[in-house]
Amino acid sequence: MLEGYLQRLFEKHKPAIKLSDNEMEILTLIYSGLDFASIENIAGMSTDELNSYYDRLVDSGLAKVVKIRKEIELTPHGVSMVDKISKR
């Protein structure tokens, strides 16, 4: 009960976050339903740069993580498979 009270108290007195123009644009694009890749293209940002903005929005409580995108690269076996496929 005390923990809940303290959390509500901290949330109530949390300082207001000041957003940069880029952050406001990203927040609006997210609200519009655009995915990460679309926002990346529209905002003209690199993946790492957009990720840092996303981290700030999550850390500030304005957004939450709902899916983590996996980045993969082919193993030598995968490259061999693609080579076989392309020779068909």
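A few comments on the model shown:
- Given (1) modelled with pLDDT under 90; (2) out of contact with any helix residue (DSSP H, G or I) (no Cβ under 8 Å at 6 or more places or on another chain); (3) part of a loop (DSSP other than H, G, I, E, B); (4) of a type outside the set (Asp, Glu), index of the condition Gly33 fails: (1)
- Whenever a residue of region 26-39 is over 12 Å from Leu62 (Cα atoms) and in contact (Cβ under 8 Å) with a residue 24 or more places away in the chain, its partners that are of a type in the set (Val, Ile, Thr) and part of a helix (DSSP H, G or I), lying with C-beta atoms within less than 9 angstrom and at least six residues away or across chains, give the pairs Phe36/Thr47.
- Any hit, region 54-76, residues being of a type in the set (Ser, Thr, Tyr) and within 25 Å of Phe10 (Cβ to Cβ): yes
- Here region 43-88 is the region considered, the condition is being assigned to a helix (DSSP H, G or I) and open to solvent by 100 Å² or more (accessible area, probe 1.4 Å), and the residue that is farthest from Gln7 (Cα to Cα) is Lys84.
- Residue check: Ile17 meets all listed conditions (1) assigned to a helix (DSSP H, G or I); (2) at pLDDT below 90; (3) surrounded by 10 or more Cβ atoms within 10 Å (Cβ to Cβ) but one, namely (1).
The values are calculated or read from the model by the stated rules, or taken from the named source; none is laboratory data. Given the structure is predicted, the values throughout are model-derived calculations rather than measurements. Heads up, the Cβs are rebuilt from the backbone with ideal geometry, glycines too, and the neighbour counts pull from every protein chain shown. Note: areas computed on protein heavy atoms with side chains; ligands, DNA, RNA excluded. Shrake-Rupley method; radii C 1.70, N 1.55, O 1.52, S 1.80 Å.
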